[in-house]
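The values are calculated or read from the model by the stated rules, or taken from the named source; none is laboratory data. Note that the coordinates shown come from a computational prediction; the quantities given were computed from them, not determined experimentally. As a convention, Cβ positions derive from the backbone with ideal geometry for all residues, glycine included, and neighbour counts pool all protein chains shown.
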Amino acid sequence: MDGSKLFGSANWVMMLGIVGALIAAQWKHEVIPAAALAVILVMAIAKIRLIVLDFMDLRGMRPNLARALMIWPVFFSALSLGKVVLMAIL
């Protein structure tokens with residue numbers, strides 16, 4: 001991967017992190033609404049994808065390894081969202 005694409009990917013990762021932090025900072029001592037948590041988790045998954053494919057240089061090289069590296073954070077994100085939804089129901 002050339003430097004300009006990697007620089008662009010780094011900018012996206014930083015932007016997603018900053019936006020996620022700003023969304024989370026809106027609810028300092030309150031429970032984060034499920035919609036905001038879902039947005040934060042989607043942005044986290046997008047960051048994971050950028051990091052695995054671009055920074056680990058797995059884009060088109062080893063798709064099974066890239067898929068495995070992306071599955072475990074998605075699994076824990078789904079568990080986290082499920083916990084919030086379950087707590088809201090009960």
| request: Those residues that are closer than 16 Å to Asn11 by Cα and at pLDDT 90 or above, I need them from segment 53-78; list them, please. | output: none
| Of the residues Met14, Met87, Met61, which is among the aliphatic types (A, V, I, L, M), part of a loop (DSSP other than H, G, I, E, B) and exposed (fewer than 12 other Cβ atoms within 10 Å of the Cβ)? | Met61
| query | Hey, Asp54 hits all of (1) exposed (fewer than 12 other Cβ atoms within 10 Å of the Cβ); (2) assigned to a helix (DSSP H, G or I); (3) not hydrophobic (A, V, I, L, M, F, W, C) but one; which does it fall short on? | reply | (1)
| field | Among residues of segment 27-51, those that are part of a helix (DSSP H, G or I) and either of a type in the set (Asp, Glu) or touching a residue at least 40 places away in the same chain (Cβ under 8 Å) (or both), counted | value | 5
